[in-house]
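Working notes, structure below.
The values are calculated or read from the model by the stated rules, or taken from the named source; none is laboratory data. Because the structure is a prediction, the values reported are computed rather than measured. Ideal geometry is used to build each Cβ from the backbone, glycine not excepted, and the neighbour counts take in all protein chains shown.
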Amino acid sequence: MRAAVIQRAGEPFRIEDLHLDEPRAGEVLVRILASGVCHSDLHVRDGEWPRPGPMVAGHEGAGVVAALGPGVDEVLAGRTVALSWLAPCLRCVACRHGRSWACTGSRALEHRLPDGGTRVHRPDGTPVLPYCGVGTLGEATVVPVEAAVALPDGIAAEVAALIGCCVATGVGAVTNTARVAPGASVVVIGLGGVGLSAVMGAVLASAARVVAVDRVAAKLDLAVELGATAAVLATDRPPTDAAIRAASGDGPDVVLEAIGLPATIEQAIELLPPGGTAVLVGMTPFGVRASFEPFPFVDGGRSILGSNYGSTIASVDFPRLAELHLAGRLPVDRLVDRRIGLDELEAAFDRLRRGEGARSVVVFDGDAGSARPG
Ligand code: APR
Ligand code: ZN
């Protein structure tokens with residue numbers, strides 16, 4: 001099978017022909033049909049998150065279950081699945097307390113399957129790890145059943161792929177992490193796949209005001225089409241903050257940061273009125289710090305929440321997000337900016353760096369014979 005491989009941090013991904021073993025007990029083989037190109041892949045591409053190589057890249061993918069390992073329920077055969085990049089171990093404290101997004105026992109954190117291995121190899125036998133245990137930027141992958149969440153019939157693969165990362169992360173940050181109340185005022189800073197999903201989540205949660213902020217004007221237009229009530233072009237700080245405050249009414253109840261920059265993280269905190277909550281969704285490079293002044297923060301009873309994977313329980317939330325899409329209430333398809341092939345990844349990363357377009361999605365020909373285990 002063809003796949004994008006990370007050899008060394010900071011180098012372009014290489015397209016290689018790899019071997020994929022049959023699924024073992026508790027595993028399924030998924031023929032990948034679509035994989036979104038997420039900013040997290042760019043963090044890896046640019047070496048901001050050091051990763052061991054060689055590794056199959058990608059974590060925002062969906063496809064069809066093409067083979068079952070021993071003991072796997074046959075109802076999964078042929079189903080469209082969205083892949084979760086944090087297959088929960090179901091044994092750690094976080095999992096036992098119903099917070100599987102904070103799982104600490106998953107081998108996916110080490111880019112391995114639950115038995116510590118990988119089913120992917122180079123023709124010379126070199127093991128190739130799957131990024132986050134899923135490695136979706138390839139024609140097929142073998143994952144633990146906990147990572148393959150079956151979605152309702154009729155869901156398009158590219159929609160399913162985005163549900164697996166940016167939609168779960170952005171919508172979940174609003175509905176699960178922040179629990180935005182109807183009538184609330186919400187600000188979203190950064191309108192990539194994650195931030196635009198947060199805008200959709202705020203609309204879904206019946207926020208009265210949804211203020212969308214980005215430095216790229218075209219992103220503001222898309223946010224307004226998705227239901228944002230106001231859009232602010234990010235320029236210099238004081239005028240931008242004044243425009244955001246004016247558009248948010250009495251001040252935002254919730255400000256979501258969906259970029260991962262110290263400057264916008266600090267901005268999200270400084271925009272809070274007393275009692276307001278900043279939700280940090282964007283991921284920074286390792287080691288980066290941000291600061292704020294504690295006195296007014298504490299005095300005003302403000303809050304900061306970190307939101308990983310939108311506080312999502314994949315097995316519960318992915319099907320719900322798919323149902324909302326099918327009911328016309330979550331226009332995930334609007335995030336698909338262009339469909340590309342594996343060999344166009346570098347151009348997609350350049351567009352991400354410029355903030356251009358919502359999501360590039362790598363699409364695979366589902367009939368590719370090379371997707372069969374070999
Ligand atoms: N002010 C306002 N907007 C900005 C700024 C800035 N200083 N810098 C970048 N942006 C905008 C870009 O124009 C773009 O629209 O932020 C958006 C970021 O979107 P993407 O690069 O598409 O990122 P996305 O995939 O949505 O992920 C966002 O969440 O999960 C994490 O690792 C991920 O840190 C990343 C973040
Ligand atoms: Zn992602």
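Do you know which of the residues in region 258-313 that are within 16 Å of ligand 2 (Cβ to nearest atom) and of a type in the set (Ser, Thr, Tyr) is modelled with the lowest pLDDT? Checked region 258-313; the qualifying residue modelled with the lowest pLDDT is THR284. Is it true that some residue in region 340-362 is over 29 Å from SER106 (Cα atoms) and in contact with a Lys or Arg (Cβ under 7 Å, 6 or more places away or on another chain)? Yes, region 340-362 contains at least one residue that is over 29 Å from SER106 (Cα atoms) and in contact with a Lys or Arg (Cβ under 7 Å, 6 or more places away or on another chain).
Put simply, of PRO285, PRO296 the only residue that is of a type outside the set (Lys, Arg), in a helix (DSSP H, G or I) and not assigned by TED's automatic domain parsing to the domain that holds ALA94 is PRO296. Here LEU326 meets the list (1) in contact with a helix residue (DSSP H, G or I) (Cβ under 8 Å, 6 or more places away or on another chain); (2) surrounded by 14 or more Cβ atoms within 10 Å (Cβ to Cβ) almost entirely, failing just condition (1). Pull up region 14-52, narrow it to residues that are in a loop (DSSP other than H, G, I, E, B) and over 22 Å from the mean Cα position of the chain (by Cα), then point me to the one that is nearest to ligand 2 (Cβ to nearest atom). For region 14-52, the residue satisfying everything is LEU18.
Exactly one of (1) assigned by TED's automatic domain parsing to the domain that holds ALA184; (2) within 18 Å of the chain's Cα centre (by Cα) is unmet by ARG320. Its number? Of (1) assigned by TED's automatic domain parsing to the domain that holds ALA184; (2) within 18 Å of the chain's Cα centre (by Cα), only one is false for ARG320: (1).
Picking from GLY306, GLY300, GLY328, GLY310, which residue would you name as being of a type in the set (Gly, Ala, Ser) and without any contact (Cβ under 8 Å) to a residue 24 or more places away in the chain?
Details: GLY306 fails: without any contact (Cβ under 8 Å) to a residue 24 or more places away in the chain; GLY300 fails: without any contact (Cβ under 8 Å) to a residue 24 or more places away in the chain; GLY310 fails: without any contact (Cβ under 8 Å) to a residue 24 or more places away in the chain.
On inspection, the qualifying residue turns out to be GLY328.
Residues of region 262-272 being in contact (Cβ under 8 Å) with a residue 24 or more places away in the chain and touching a helix residue (DSSP H, G or I) at 6+ places or on another chain (Cβ under 9 Å), which ones? Passing the criteria: GLN267, ILE269, GLU270, LEU271, LEU272. The requirement of being buried (at least 24 other Cβ atoms within 10 Å of the Cβ), of a type in the set (Asp, Glu) and within 16 Å of ligand 1 (Cβ to nearest atom) is not satisfied by GLU48.
Beta carbons closer than 8 Å, at least 6 apart along the sequence or on distinct chains, pair a first residue in region 238-260 that is at positive phi with a second that is among the hydroxyl-bearing types (Ser, Thr, Tyr) for GLY249/SER185; GLY251/SER185; GLY260/THR284. Residues in region 59-73 that are under 22 Å from the mean Cα position of the chain (by Cα) and more than 13 Å from ligand 1 (Cβ to nearest atom): GLY61, ALA62, GLY63, VAL64, VAL65.
Taking GLY78, is it outside the structural domain of GLY260 (by TED's automatic domain parsing), surrounded by fewer than 18 Cβ atoms within 10 Å (Cβ to Cβ), more than 16 Å from the chain's Cα centre (by Cα) and modelled with pLDDT of 95 or more? Spelling it out, GLY78 is indeed outside the structural domain of GLY260 (by TED's automatic domain parsing), surrounded by fewer than 18 Cβ atoms within 10 Å (Cβ to Cβ), more than 16 Å from the chain's Cα centre (by Cα) and modelled with pLDDT of 95 or more.
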